[in-house]
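Have a look at the structure below, then the notes.
The values are calculated or read from the model by the stated rules, or taken from the named source; none is laboratory data. Remember, it's a predicted structure, so these values are computed and weren't measured experimentally. Using ideal geometry, Cβ is built from the backbone for each residue, glycine included, and neighbour counts are taken over all protein chains shown. All accessible areas refer to the heavy atoms of the entire protein, side chains included, with ligands and DNA or RNA removed. Shrake-Rupley method; radii C 1.70, N 1.55, O 1.52, S 1.80 Å.
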Amino acid sequence: MVAVSKLLNVAAIPGASIIRLALIISPHRNIIANRVEVSTLLNSWKRVTEGVSLYQHGVSPYTGDVFHETPIALWIFNIMMTYFPSVIGIVFILCDIVTSIILYITAKLYMEEIKKKENAEKQSYADGVTELLLGENDIKRAPRYVLSAYLFNPYIIANCVGFTTTTFGNMCLSCVFLGMVKGYRVLSCVALAFSVYQSFYTVVLIVPVCIYLSRHDNNKSISLFLTLTTFLATLSAILYVSYIIIGDWSFLNSVYVVILTVPDLRPNIGLFWYFFTEMFEHFRLLFIFSFQLNATLLYLAPLSLRFHSNPMLLATSLTALIAVFKSYPCLGDVGFYLSLLPLWKHLYNSKAVVPDMQQTFIILCSLVITSVLGPTVWHLWIYSRSANANFYFGVTLAFATAQIFLITDVLFAYIKREFTLVKGIINTDDKKKMKLLLE
C-alpha cells in the first residue's frame, strides 16, 4: 500500500501535466476559456490579448473598458506574446506545477508543526484522547493529498487550460503560505504585495502573516512593524514601477476601481452580478459598501480573535471567504482553497461520538451538482431560451451556499476537536444524559 502511494505521488506531476497539455491542444480549450465560470473581465486571456495588441500599437489599454490587468502583467504578457507565443500553454502548466510543489512543501512543514505543538501540549490534554492525536500517517499523507488535490482539481485544471491570469495569482498566494510557515518575512510580504497588486481583496491576509511571523521574534511590536513596513514598501515600489511602465496612473481605475464599483454585470459564479442588475440605482452605493465590506473586513476581526492560535487555518478561511464573496470570482479561486483542505483531513473522521465534520457528504453532493447544473442552465438560458437569469443565479447561489457550509463545517470541526482534546471524549452514556436548558 505504501509503495502504491509513493508511485502515485511520483506520477502525479507528469500525469497532471499531460492532462493539461492534452486539453490545451484540443479543440475544447476555447470552450473552457470562454466559460463564465472560468474567465471574468479580470482574468480573461482574450482580454489580455486585446490589451497587449493595443499596447503594441501605442494605444493605452486602460483608456477603454477592455483591459483590467496590472501594468507589470501587461509588460510580461507582451514579452510572452512577442517572443514566446508557442509556449504560452507550457508557461501556465509550469506555474501550476510550481504552485502544487510549493503547497506540498507548505503542507509538510505545517503538519510537522502541528505534531510538535500537540506533543508539547500533550500533558494538558484529557485522558483517553490519544487516538485523536495526529499520527505518522497523517503527517505523511496530508501533503500528498494537498499535492493531488491541486493537480487534479477540475476547477484548477479548467483555470489553467483557460489561460486565466488567476493561475499566477494562485502561485503568489502559495508563496504567501510558504513564507508564513517558514517564517520568511521577505518572501511572504513580497508575495502578498504581488497578490494584493493583482486583487486587493487578499490584503486581509496581512493579519495571519503578522501573527505567524511574530512567533519567530521575541519582540512582537518590532515584528509587526517590520512586517507591515516590508509589505507596504514592496507594494509602493510595485505601484511606482507600474507608473513608470504606463506613464500615468490611469491603470488604478481599470484595475482597482472596477473591482470596487462593479460596473460590469456579466454573469459569473459570484453574488454581485444578479443583485445589482435588479437593484434600483439610488440604493447602489449603499449596497456596494455592504457587499465589499462583507468580502473584506466583516469576518476578519472575529476569525482573527478566535483562530489566532492557528494562523494557517485563519489564512485558509479568509482565502475561502474571499473566493465566495469577491465581486468577480472564478473557479480558480475556489479550487485553490479547496486544495488546502486536506491539511485538516483528521477532522473528517473523528473517533468521538459526535463526528467533527457532519455535513461532508451533503456539501460534496452540492458542489458536484451545482458544478454540473451551471453549464446546463447556462445553455438553457442563453442558447435554448427555455430558462432565464433566475435559474442560473439560483445555481450560483446554491454553489456559494455549499461553500459557506464547507467553511463553517471545517471551522466548527476544528473547535470541537480542540474542545475534545481538553475536556475528553464524550461517551455514549454521557451523551444520553445531556440536556439543553434555556434560562
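Data table
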read-out: Residue that is most open to solvent (accessible area, probe 1.4 Å) [pool: residues in region 31-69 that are farther than 23 Å from Pro267 by Cα and among the hydroxyl-bearing types (Ser, Thr, Tyr)]; value: Thr63
read-out: Residue that is nearest to Gly15 (Cα to Cα) [pool: residues in region 75-102 that are buried (at least 16 other Cβ atoms within 10 Å of the Cβ) and of a type in the set (S, T, N, Q)]; value: Ser100
read-out: Residue list for region 175-191, filter: in contact with a Leu (Cβ under 6 Å, 6 or more places away or on another chain) and either under 12 Å from Gly335 (Cβ atoms) or surrounded by 24 or more Cβ atoms within 10 Å (Cβ to Cβ) (or both); value: Val176
read-out: Whichever residue in region 103-148 is open to solvent by 50 Å² or more (accessible area, probe 1.4 Å) and among the basic types (Lys, Arg) and, among such residues, is modelled with the highest pLDDT; value: Lys108
read-out: Counted residues, region 231-262 - those being at pLDDT below 95, of a type in the set (Val, Ile, Thr) and within 26 Å of Cys210 (Cα to Cα); value: 1
read-out: Selection within region 63-101 - small (Gly, Ala, Ser) and part of a helix (DSSP H, G or I); value: Ala73, Ser86, Gly89, Ser100
read-out: Residues located in region 357-372, provided they are of a type in the set (A, V, I, L, M) and buried (at least 18 other Cβ atoms within 10 Å of the Cβ); value: Met357, Ile363, Leu367
read-out: Test: residue in region 324-346 that is of a type in the set (Lys, Arg), in contact with a Leu (Cβ under 8 Å, 6 or more places away or on another chain), at negative phi and in a loop (DSSP other than H, G, I, E, B); value: no
read-out: His57 being within 21 Å of the chain's Cα centre (by Cα), of a type outside the set (D, E, K, R) and more than 30 Å from Ala142 (Cβ to Cβ); value: no
read-out: Where a residue in region 99-126 is in contact (Cβ under 8 Å) with a residue 60 or more places away in the chain and its partner, wherever it lies, is exposed (fewer than 13 other Cβ atoms within 10 Å of the Cβ) and among the aromatic types (Phe, Trp, Tyr), with Cβ under 7 Å and at least six apart; value: none
read-out: Residues being under 28 Å from Trp378 (Cβ atoms) and either over 20 Å from the mean Cα position of the chain (by Cα) or not in a loop (DSSP other than H, G, I, E, B) (or both) - total across region 25-54; value: 17
read-out: Residues that are within 17 Å of Ala320 (Cα to Cα), in a helix (DSSP H, G or I) and of a type in the set (Gly, Ala, Ser), drawn from region 172-209; value: Ser174, Ser195
read-out: Counted residues, region 374-412 - those being within 21 Å of Ala33 (Cβ to Cβ) and either open to solvent by less than 70 Å² (accessible area, probe 1.4 Å) or part of a helix (DSSP H, G or I) (or both); value: 12
read-out: Residue ID - nearest to Lys115 (Cα to Cα), chosen from residues in region 329-360 that are at pLDDT 95 or above and among the aromatic types (Phe, Trp, Tyr); value: Tyr337
read-out: Any hit, region 319-335, residues being under 19 Å from Glu69 (Cα atoms) and among the basic types (Lys, Arg); value: yes
read-out: Among (1) assigned to a loop (DSSP other than H, G, I, E, B); (2) open to solvent by less than 50 Å² (accessible area, probe 1.4 Å) - the single one Val255 does not satisfy; value: (1)
read-out: Among residues of region 188-227, those that are farther than 22 Å from Leu293 by Cα, without any contact (Cβ under 8 Å) to a residue 40 or more places away in the chain and not β-branched (Val, Ile, Thr), counted; value: 14
read-out: Sole residue being open to solvent by less than 40 Å² (accessible area, probe 1.4 Å), of a type outside the set (Gly, Ala, Ser) and either within 24 Å of Ala402 (Cβ to Cβ) or more than 18 Å from the chain's Cα centre (by Cα) (or both), chosen from Thr277, Thr234, Thr229, Thr261; value: Thr234
read-out: Asp217 vs. criteria closer than 26 Å to Tyr55 by Cβ, open to solvent by 10 Å² or more (accessible area, probe 1.4 Å), acidic (Asp, Glu) and not in a helix (DSSP H, G or I); value: no
